[in-house]
Amino acid sequence: MEMYYDEADIPSLDLFECAPKLQEVFVNPELWNFTVTMQVPWPQLLKYGGSNTWNGHLDALRSGSNLVECTLEVASGFGPLGPRVLLPRLLRLSLSDTAFLTSLETPALLELHCDADSTLPSFFYRVPCQLQKLGLGVLENTDVSGLITIINAIPTITYLGIVSKLPAELLHELCATPNWRLR
C-alpha cells in the first residue's frame, strides 16, 4: 500500500484489524517519509515493513512477536524507551537507523541490512545470534578499522555486502586476516 497525505493529517489504517489470513503488511515502501499508524492483527503477521516513529515501531513490534522479516524506516526518535522488544523468530531485518537495534532482542537473526555504525559490535555482543548475512551501507569517509571491528564481532557471517565504493584499505585488511575468505 502507498498512502500520500497532507502532513497535517496522519492517517490511521484500520481496515485490516480483522483479517484472519493476513500475514504480510508493507505500507509506503516507496513513500517512506509518510508515516502511517495501523490496526492490524499483529500476532499473526510474519512480515512487516513501514515507516513510523521510533515509539510507533516499538508499539507495533511488541504486538508482532511472530514476525520473521521486518523492514523499518525510522522516521524520528531519540532512543529506547522501556524494556527491549523480544522478537524470538525474527530472521531478516532491514533498518534505516542502526540505533534502533538498542531497542531489540533478536536471538534468531540471520540477516541484517543497515548502515555501518559503531554501535553494531555492542549489539552483536549483547544479542548473540548466528548472523549469516550482513549488508552494510558505507560512506566513503567511513573508518576502515571501525568496519573491521564490526565484521570481527560476527564470526558466523558467510555473506558480506557493502553498499558503496569498497575502500581499498578494507579489501587489503580482509585479505590479510587469516580467518576471512573472500569469494
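Read the figures in this text as sums done on the coordinates, not as results from a lab. Only a predicted model underlies this, so the values are computations on that prediction, with no experimental measurement involved. Every residue, glycine among them, receives a Cβ derived from its backbone with ideal geometry; neighbour counts consider all protein chains shown.
So the values come out like this:
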| item | result |
| --- | --- |
| DSSP beta bridges in the range 78-140 [antiparallel fraction, %, rounded to 5] | 0 |
| Charge context of Glu105, other residues only, Cβ under 9 angstrom, K/R +1, D/E -1 | +2 |
| Neighbour net charge for Asn52 - beta-carbon separation under 14 angstrom, K R +1, D E -1 | -2 |
| Segment Ser94-Thr119, length gained on full extension (0.36 nm per residue, minus Cα span) | 7.5 nm |
